[in-house]
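Any read-out appearing in this document is the output of simple, stated calculations on the displayed coordinates, not a laboratory observation. Please read all numbers here as calculations on a predicted model, not as lab measurements. Here Cβ is always computed from backbone atoms with ideal geometry, including for glycine, and neighbour counts include all displayed protein chains.
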Amino acid sequence: MILVTGGAGYVGSHTVLALLDKGMDVVVLDNLSTGHRDLVGNATLVVGDLTDKSFVESVFEKFPIEGVFHFAAKSIVPESMENPDTYYRNNIIGTINLLSTMKNHDVDKLVFSSTAAIYGEPDQIPITEESPKKPQNVYGHTKLFIEEILKQYFRAYALKSVSLRYFNAAGADPEGRAGEDHNPETHLLPIAFNVALGKRKEFTIFGNDYPTTDGTCIRDFIHVSDLAEAHLLAFEKLESGELSCHSFNLGSEKGYSVNQIVQTVKDITGRDFPVTYGERRAGDPAILIASSQQAHEKLQWRPKYSNLESIVSTAWMWHKKRFK
Ligand code: UDP
């Protein structure tokens, strides 16, 4: 049985679906602070918090857990800057409770949800796994910290792990079973859809004076179902012994400007809407594009859904149905 922490959240729920599709037994541990009960499919859901060590122990006592996919974390960048205390306690202490419980129960395989935010403003594009790590926000710092902690748990206790550093996760399950549902919503595509649906008056692009082709930020969007697949591949490599303590960038290796994305949203939804330019958002690097060569080579990972059209159209299908 696989334990998925944060399995009711965005990337977590798509990974739960991928595991269930493969016929695996899945137990989801989620405090439902941002996740949704209806997104865990037929997995068993236990509601509780990783910061509660005795609760985590009770989950490992109850279920025959063989491996862990760890998504549970607070992940809103501006919130992390306002409240580092909550972020460090939740993300770091929660993870240490999880790792310590895994160690007590001889569970030695973990796939960890990391982020491109650990790099901060890159010196070079594309970003490789070896690029300097200078997180510009507390959220990114918590994830980098955890990657370091994982190295020590491997060295000292042989707890094996793969950390997956996502670039911009987007899109929705092509079968419409899951998708993005944040409250409050801060991400580009769902906000643009809300404007397309007339739920917001206009779309504000944060900054058009960046050193890029059209002045707006450039991002590497990766389909959430491709991310889910990478987690399964990483787990297989831990099981086979091919990997033991590793980190991979997960991106499409293609950059699109915010302007281009907004135009694609207009094309795919068939709705025109007002767009304005606002101030830059604090902590946004100008360009983030991944090199995912290592994931291609060592995980044999091949993104299937990550062209911009299928990202935007799967996300739009989900959004229309969920928020009509
Ligand atoms: N963005 C924007 N307007 C919005 C939301 C996002 O211009 O209402 C921009 C944001 O500044 C960034 C890009 O879209 O350059 C992606 O932002 P998002 O919050 O979706 O993901 P992040 O890059 O923060 O993970």
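Assorted remarks:
- Distant-in-sequence amide H partners of VAL28 (H built 1.01 Å from N, under 5 Å): VAL4, THR44, LEU45, VAL46
- DSSP beta bridges confined to the chain are antiparallel in about 5 percent of cases.
- Separation between Cα centres of the range 259-324 and the range 137-163, rounded to whole Å: 28 Å
- R0 of 25 Å, Cβ-Cβ distance LYS298-HIS187: FRET efficiency to nearest 0.05: 0.30
- GNM result for the chain, Cα springs below 10 Å: residue of VAL26, VAL77, VAL111 fluctuating most strongly: VAL77
- Rg/Rg_ref, the range 281-324, where Rg_ref = 2.2 N^0.38 Å and atoms are Cα: 1.64
- Between LYS62 and THR213, the simple spin-label model (points 7 angstrom out along Cα→Cβ) gives 5.2 nm.
- Förster radius 25 Å - calculated FRET efficiency between GLU279 and ASP123 (Cβ-Cβ, nearest 0.05): 0.50
- Against the chain, whose longest principal axis comes from its Cα atoms, helix 94-104 is set at around 30 degrees.
- Cα-based equivalent ellipsoid, the range 198-314: semi-axes from gyration tensor eigenvalues, Å: 33, 17, 11
- Taking ASP108, ASP181, ASP38 in turn, the Gaussian network model of the chain (Cα-Cα springs below 10 Å) assigns the largest fluctuation to ASP38.
- Amide H partners (placed H, <5 Å) of ALA169, local residues excluded: ILE222
- By definition, a body whose alpha carbon gyration tensor gives a ≥ b ≥ c is oblate when a/c is 1.5 or more and a/b is not larger than b/c, and the range 194-239 fits this oblate description.
- Taking a ≥ b ≥ c as the square roots of the eigenvalues of the Cα gyration tensor, the range 65-107 is classed as oblate, since a/c reaches at least 1.5 and a/b does not exceed b/c.
- The P(r) of the chain has a tail past 36 Å containing 14 percent of all C-alpha pairs.
- Normalising the average separation of contacting C-alpha pairs (under 8 angstrom, six or more residues apart) by the number of residues puts the relative contact order of the chain at 19 percent.
- ARG155-VAL47 pseudo-label distance in nm [points 7 Å out on the Cα-to-Cβ vector]: 4.1 nm
- Computed 3J(HN,Hα) for the range 205-216, one whole-Hz value per residue from the Karplus formula 6.51 cos²θ - 1.76 cosθ + 1.60 where θ = phi - 60°, is 8, 7, x, 10, 10, 7, x, 10, 4, 10, x, 9, glycine and proline marked x.
- By the Stokes-Einstein formula, at 0.692 mPa s and 37 °C, the range 22-97 with its Kirkwood radius over alpha-carbon pairs has D equal to 241 µm²/s.
- Spin-label pair THR204/LYS320, simplified geometry with 7 Å Cα→Cβ offset, distance in nm: 2.9 nm
- Per residue convex hull volume, Cα atoms of the range 91-187, in Å³: 147 Å³
- Reciprocal of mean inverse Cα separation for the range 108-257 (Kirkwood radius, Å): 17.3 Å
- For the range 75-147: rounded, prolate or oblate by the Cα gyration tensor [a/c cutoff 1.5]: oblate
- The GluC sites (Glu not before Pro) found in the range 123-193 that occupy coil by DSSP, while having at most 16 further C-beta atoms within 10 Å, are GLU130, GLU175, GLU185.
- Helix axis angle, 10-21 relative to the chain longest principal axis, alpha carbon, degrees: 60 degrees
- Summed residue charge, Cβ within 13 Å of THR15's Cβ, Lys/Arg positive, Asp/Glu negative: -3
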